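Step one of this worksheet: look at the structure below.
The values are calculated or read from the model by the stated rules, or taken from the named source; none is laboratory data. None of the values given here were measured: they were computed from a predicted structure. Virtual Cβ from ideal backbone geometry, glycine too; neighbours counted across all protein chains shown.
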Amino acid sequence: MDFARQRSADSRGLLRRAFALIGVAVAIVAALPMAAHAQSNDNSLAGSSPSDGATLGTSPAIMTFTFQQPVGSDEAFTVAVGCGTPAQPQSTGIPLLGDDDVTFTVEVLSPFPKGACTITWLLRDDLDQAIATDLIAFSVSADTPTASSESTGSTIPTAASGAAASSIGDDVEAVGSTGGSVWLGGVISTYGIMILFGAVALISFGWPEGPLYEITQRFTFKVWMLALAGTYLHTAALTSSLTGTSFTASLNPFNFADTFTEGWTGAAAIIRLVAVIACLWVAYRPEAVLDDVSRPLAIAAPTVAVVTLAFGRVSGNLALIGLIVMILHVMAVAIWLGGVIFVGRAVLAGPGENDLVHAVKAYSRVSAPAILVVIISGVAETMRLDGDALFTSSHGRVLILKLLAVGVMLFVAVKARAMVRMRLGRVDQLTRRSAMRLRRVFATEATVGVIVLMFSGWLLAINPPKVSLIQEREYALVVPLADEAAGFSAEVSLDPGVMGLNALEVEVLSAPTTIVGLRLEFDPEVGSYGRGTIQDIPLTGTGIARLSAADGLPFDVTGNWTVTLSAVFESGLSAVVSSPLAIVGEDGVVPTTTTTLVIGTSIVPSETTVVETTTTDVTQATTASVVTVD
């Protein structure tokens, strides 16, 4: 009995101890989240640098904030700094938590100015509720002289071929290895088409006896084969360049269909190839030009082929007028250059009857107004595409070389026309001696003309300074920024202008000298706890830098922001221009809170060095096209 009673007592004691342990365990488990939450809610700032009430000699490079208790991974710490009266937002980096889980470091991206400053900090939990917040007031007794440093951690727009000073280079780089083939094919194609057009024109209005000569038939057919080979090479190379396919694959004519949809240049290349193929008939039978039934088609095919040469560049201001001018230009060049080659190689091949004399005289008469049209249209296109950048842009400098060659060609042309008047003015037959002398002069004129064509092909590979390579687009917000005293003006555009990622465009409209540093800053309203962004812009002169909306600049809070554009010039001076900017929510509602922002400009003496730093969290952007003015 005693043994049984003792065993029962031991069992009851064991059960009581087990229940007690279970209760303790449950209490501990239940207390864990409460303890954690209590720890978070009770957290507070133990110290900071700068500390509250401190006076600093110069701006700190890094700020530190140390908390009493470890900060959880699901908690967020934000910092906003304002300096001056009224307070102006300052650029700071992302708060980074140290390995000790209690100390945050914040990089100062642009030195704080001299004067009073205030730090507003906030620690939030995973429910976005405030755990702790406070203000830290300090002052800076002197401005901070700093040296330029390379931008790190920022994704910036990349310099590209462009319109206007070179960014992003001002040259248009050919895709892959097809640039040389596009140029060579274009020159050969243009050469052959212009000769064929010049031959058809001269036969039609000045040498109806031409098709009766066997040399004329052989010459036009050889020229057609040259034009076809050059046009096919040009079309294949252009297809490779525009569609991204290999040059070997682009030789397949079934791949040319994609080129037709690649803008005016691609469509013109395909139409030119078709027109050149259609020229086979008139090249093989030049007498078709004289037949009333076949004349329209015989003249139309080479005419269409020549007109397509004007579509090599349909861009820039007054593009439609420019296209009309270029059509007149290429047709006049075809009459001048194509005619001189045809006369030199076919008409002046040897002595002959009075029909040869009449042909040379007819060409001399019609080439004079053609030369005048070439000069006038060429000047008009130069003003439209180059303007006052003729001597300062790559396109302009190559154009100068072309103009020099045109001048030589013009000089030889005048001499040749004078010789025609002198030797053929009162004769009815073309002697061998006269034919040889005239042929040498016309051959010289034609040779210089080929050099001119080579320069023309080169110019098509270089973007003119007054033509932008990027498409124009509309932006929801356009902020003009100008410093008239410095001669600097720009526009900053955003789209859609709401919280989140925004497309960005920076266009420099004028600059006094070359820009050696250009920086854009967006700073939120003090106390909004938003994160500012800073972006270096690689423009060295007037031009455009652009980021797409998918990879644009982020705005994490709505309200009043400040946009600041800082430019450092080669002369040593700088301009800083600011303007207020309102960022709205996705619903388009404008924030009700307002802050008075000062719009100001300043010229910084050359002794002051502008800071060249950038945030590590500027943007999630990728590189974007940039166009500058050379």
Please tell me if V398 is under 31 Å from the mean Cα position of the chain (by Cα), of a type outside the set (G, A, S), modelled with pLDDT of 85 or more and not assigned by TED's automatic domain parsing to the domain that holds E209.
-> yes
Kindly establish whether S602 is modelled with pLDDT under 85, more than 23 Å from D495 (Cβ to Cβ) and not β-branched (V, I, T).
-> yes
Residue list for region 79-126, filter: closer than 23 Å to P554 by Cβ, surrounded by fewer than 21 Cβ atoms within 10 Å (Cβ to Cβ) and out of contact with any strand residue (DSSP E or B) (no Cβ under 7 Å at 6 or more places or on another chain) | I94, D126
Return yes or no: is A237 at negative phi, modelled with pLDDT under 90, part of a helix (DSSP H, G or I) and not hydroxyl-bearing (S, T, Y)?
-> yes
Take region 496-513 and flag every residue that is over 18 Å from the mean Cα position of the chain (by Cα) and at negative phi.
-> P496, V498, M499, L501, N502, A511, P512, T513
Just one listed residue, out of A305, A268, is crowded, with 23+ Cβ neighbours inside 10 Å, touching a Ser or Thr at 6+ places or on another chain (Cβ under 9 Å) and either modelled with pLDDT of 90 or more or not assigned by TED's automatic domain parsing to the domain that holds V360 (or both), and it is A305
If F442 passes every condition in (1) buried (at least 20 other Cβ atoms within 10 Å of the Cβ); (2) aromatic (F, W, Y); (3) in a loop (DSSP other than H, G, I, E, B) but one, which one does it miss?
-> (3)
For region 273-302, how many residues meet the condition of being over 17 Å from G230 (Cα atoms), of a type in the set (A, V, I, L, M, F, W, C) and buried (at least 17 other Cβ atoms within 10 Å of the Cβ)?
-> 5
Is there a residue in region 339-360 that is at pLDDT 90 or above, buried (at least 18 other Cβ atoms within 10 Å of the Cβ) and farther than 17 Å from G198 by Cα?
-> no
Selection within region 202-237 - surrounded by fewer than 24 Cβ atoms within 10 Å (Cβ to Cβ) and among the aliphatic types (A, V, I, L, M) = L212, I215, M225, L226, L228, A229, L233
Out of (1) aliphatic (A, V, I, L, M); (2) buried (at least 19 other Cβ atoms within 10 Å of the Cβ); (3) touching a helix residue (DSSP H, G or I) at 6+ places or on another chain (Cβ under 9 Å), what's the single condition that is false for I451?
-> (2)
If only one of S315, S393 is buried (at least 20 other Cβ atoms within 10 Å of the Cβ) and either farther than 28 Å from G425 by Cα or assigned by TED's automatic domain parsing to the domain that holds T216 (or both), which one is it?
-> S393
Which condition breaks for V106 when tested against (1) within 19 Å of W561 (Cβ to Cβ); (2) in a strand (DSSP E or B)?
-> (1)
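Would you confirm whether any residue within region 364-373 is hydroxyl-bearing (S, T, Y), under 30 Å from T540 (Cα atoms) and buried (at least 19 other Cβ atoms within 10 Å of the Cβ)?
Looking through region 364-373, none of the residues is hydroxyl-bearing (S, T, Y), under 30 Å from T540 (Cα atoms) and buried (at least 19 other Cβ atoms within 10 Å of the Cβ).
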